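First the structure, in the form of structure tokens, and then the observations on it.
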Amino acid sequence: MNTGPLRLLLTLAVVALIALRKSDSLLNPQFWAEDGALFFIGAERYGGWGLLFRTYEGYLQVLPRIIAALGAPLPLTAIPGFYAWSALALTGAIAWWLQSPRLALRGGALAAVPHTGEVYLTLCNLQWITALGLFALVLARDAASLPARAGELLLLLLTGLTGPFIVLALPLFAWRAYRRRSRWSSILLVGALAGAGAQLPSLLACPAVTTAVDWAPLQHAAVIGRRVVGTLFFGQTSLPAFVFAALAVTTFGAVSFALWRRRETLPGGLLLLAASLLVLAATGYKVRPDTWTLSELINGDRYFFISKIILLWLGATLALGSAPRLRLGLFTPLLLPLAANLPRFIFPPTPDQNWAASCALIARGKPIWDPILPPNTHIFHPGRPRLSI
């Protein structure tokens with residue numbers, strides 16, 4: 001069981017590792033995609049609070065809009081850094097929650113999972129990290145104290161109104177309430193229903209990004225195998241499509257079987273795996289990764305972040321719960337992600353877009369098309385005199 005000091009140490013380790021892996025975002029902070037185009041520009045025009053419940057891409061983004069509203073009064077040059085450090089602080093809060101003693105499955109490999117880095121330290125992708133906190137709430141033992149219950153309701157509120165994941169988590173909360181028959185589980189279910197009810201109308205009204213094509217199950221399984229299992233254990237190694245498809249089916253099948261066998265000693269394991277599969281299914285519906293080529297490893301990496309985290313999370317849990325003579329053998333595959341991706345563990349610095357020079361122009365009231373990240377992305381600012389830059 002994680003004691004208070006150990007829990008704090010593990011949380012600080014997660015924060016430190018993320019800061020190390022993406023130090024450029026903290027030392028030379030810059031806007032990333034919707035951080036500039038949506039949250040910063042929206043806060044500049046409306047002060048931020050007026051947009052708190054405005055949807056984007058079919059869902060609410062309350063947490064990033066709160067951060068943007070809080071950062072609006074700051075000097076222009078300080079705002080990208082405020083966004084990055086706020087995202088790091090909230091990631092630390094999720095890491096703290098994932099180490100809760102009320103979770104039988106603790107951890108999540110939040111800081112070490114191989115990916116492109118787009119999820120870390122950005123407001124627009126913060127929802128992929130907070131979703132892990134939402135799914136962990138499904139697994140947690142019922143809170144007994146008033147502060148713990150207040151904290152869980154706050155977590156449910158903020159994560160439920162940030163991104164579409166509350167809709168995916170709703171059947172999991174329903175299953176929790178059905179199995180436990182506790183008053184607190186019923187209260188959380190009502191909260192989840194309210195959050196899903198707030199998100200669903202705009203989600204249903206938002207058209208799909210891509211046009212539906214003939215279902216290609218082999219290609220879909222191959223892409224999942226490459227982007228989730230393949231990148232975890234083999235890095236950027238290229239293999240035939242059928243190998244990656246078999247890898248996906250075998251891995252998720254083996255984990256499902258192991259969790260079923262140990263469903264009494266690892267309660268919540270199957271629910272966590274179900275959360276991963278729900279995210280992958282929603283991704284398949286929304287962005288059609290089955291139409292992507294196997295060579296694509298950069299575009300849309302955020303869609304596979306949660307599944308990679310959960311796969312490592314469950315693997316470590318199964319290994320820790322095994323007999324000592326088996327533990328080393330089960331942990332050995334979990335070292336492969338580190339070995340296969342070690343050259344890309346530290347994310348390289350991003351091109352400097354010279355935000356300070358843009359701030360000087362904006363502060364003088366000059367309208368500008370300002371370059372932000374990723375490269376070849378711009379935002380328009382009409383210019384607004386400020387007290388300071």
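The numbers here are math on the coordinates, done by the rules we state, and not lab data. Source: prediction; values computed, not measured. Quick reminder, even Gly has a Cβ in these numbers, built from the backbone with ideal geometry, and neighbours come from all protein chains shown.
Worth pointing out:
- Against the main long axis of the alpha-carbon atoms of the chain, helix 79-98 sits at an angle near 20°.
- Summed residue charge, Cβ within 10 Å of Ala248's Cβ, Lys/Arg positive, Asp/Glu negative: +2
- Bins of 10 Å from zero: percent of alpha-carbon pairs in region 88-220: 11, 37, 33, 16, 3, 0
- Label reach from Ser238 (point 7 Å along Cα→C-beta): in region 281-302, amide nitrogens under 18 Å belong to 292-299.
- Sites listed here are trypsin sites (Lys or Arg not before Pro) in region 140-248 whose DSSP assignment is loop and whose Cβ has at most 12 other Cβ atoms within 10 Å: Arg181.
- Placing +1 on the Cβ of every Lys and Arg and -1 on the Cβ of every Asp and Glu, with no other charges, gives region 1-81 a dipole of roughly 200 debye about its Cα centre.
- The Cα-based radius of gyration of the chain, divided by its Kirkwood radius, gives an Rg/Rh of 0.97.
- Cα Rg over Rh - region 163-269, Kirkwood: 1.08
- Burial order of peptide ranges 125-135, 19-29 (average beta-carbon count within 10 Å, highest first): 125-135, 19-29
- On the beta carbon distance between Trp369 and Arg45, with R0 = 22 Å, the FRET formula returns roughly 0.85.
- Under DSSP loop assignment and at most 15 Cβ neighbours within 10 Å, longest GluC sites (Glu not before Pro)-free interval of the chain: 58-263
- Applying 1/(1 + (r/R0)^6) with r as the Cβ-Cβ distance of Ser295 and Arg344 and R0 = 25 angstrom yields a FRET efficiency of 0.95.
- Three-way shape call for region 265-382 based on the alpha-carbon gyration tensor, with the a/c threshold at 1.5: prolate
- DSSP finds beta bridges in the chain, and of those with both partners inside it, around 90 percent are antiparallel.
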